[in-house]
């Protein structure tokens, strides 16, 4: 977290230093300002999950794209690569804001941002394809990354067949690149395989999806062993998808180990960067609890995980009102299910302790009580009793 704040301070200082020279001598300093703005947008997004901070990141990214478009018009050969990268980053910011708007019930605002995110991803891919025609060695990896980013944007727009075709093209290209240079391109292959698994699952091809996600997990385990700081977040995400996919195939017992690994990793990450990873830890704990409830395995640990997930969602709901109501409701339903199972098994002391905890929650101002949460209508997850989705 401290390093993230230090990187943000450096990025803010760079923008400040470039602004005045860019006004006095645009030809000499606008490229530096555009690069500094692009970097600042990414550092802002990484530093804080709050909507205000993400909106700042988006505004900075939009300014960077505006400058790069101006530069690329005057000198395409010099500035098209920068424009492509800035447009790609803009699409990522827009995609996040769309999800945040929809999570707060702003479906119209979310839909508009998703369309903008899709347009940015398509624009970035077109620019990288153009660059790769002249220099494939340098820009084919960027084409692969742009394809990987485009797939989820197409899926979010309801174009699932096109999303799958794009994900398949990305995975094929990444595999080819990784064969030639594994050190450079295995991370891209792992990401493309994880995305491919998601698109296959959306179209009901669950077994193929599992094969793809399992390969992604295998690659990320290898990468995380060599470089934990860089690849533990990716491994945690892939494990979360693996748990979901195994649950979809009714292989819940096989999901016990991966769900434990996901919680362990997200706990480590949340200790270092709570703003970014506390929501992910809550999802992982919820999945840990749900899998064990469905498998009747390690039920006390499952109840503790569900309760910890609820505590995190309560804190997040106070900090970001409306953003986590659906997840909080579903996590509480998992807690209720576990309490019923434990009651049926005669473990009355554990059930009584859980009831006492619920009673205390009812009296915390600003937090939905269990009854209020169960009465709330889910905005995004009508299947709240099902397994936590990878992007819950």
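Structure above, values below:
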{"quantity": "Boolean, residue 274 is under 16 Å from the mean Cα position of the chain (by Cα) and surrounded by 15 or more Cβ atoms within 10 Å (Cβ to Cβ)", "calculated": "yes"}
{"quantity": "Filter pass, residue 37 being assigned to a helix (DSSP H, G or I), modelled with pLDDT of 95 or more and closer than 30 Å to residue 114 by Cβ", "calculated": "yes"}
{"quantity": "Sole residue being crowded, with 22+ Cβ neighbours inside 10 Å and not in a loop (DSSP other than H, G, I, E, B), chosen from 326, 351", "calculated": "326"}
{"quantity": "Filter pass, residue 141 being surrounded by 18 or more Cβ atoms within 10 Å (Cβ to Cβ) and at pLDDT 95 or above", "calculated": "yes"}
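Every residue, every condition in (1) out of contact with any strand residue (DSSP E or B) (no Cβ under 9 Å at 6 or more places or on another chain); (2) within 21 Å of residue 288 (Cα to Cα); (3) surrounded by 16 or more Cβ atoms within 10 Å (Cβ to Cβ), yes or no:
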position: 167; (1), (2), (3): yes, no, yes
position: 176; (1), (2), (3): yes, no, no
position: 188; (1), (2), (3): yes, no, yes
position: 194; (1), (2), (3): yes, yes, yes
position: 207; (1), (2), (3): yes, no, no
position: 225; (1), (2), (3): yes, no, no
position: 229; (1), (2), (3): yes, no, no
position: 242; (1), (2), (3): yes, yes, yes
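The values are calculated or read from the model by the stated rules, or taken from the named source; none is laboratory data. Keep in mind that this is a model prediction, so the values were computed, not measured. Every residue, glycine as well, gets a Cβ built from its backbone with ideal geometry; the counts of neighbours run over all protein chains shown.
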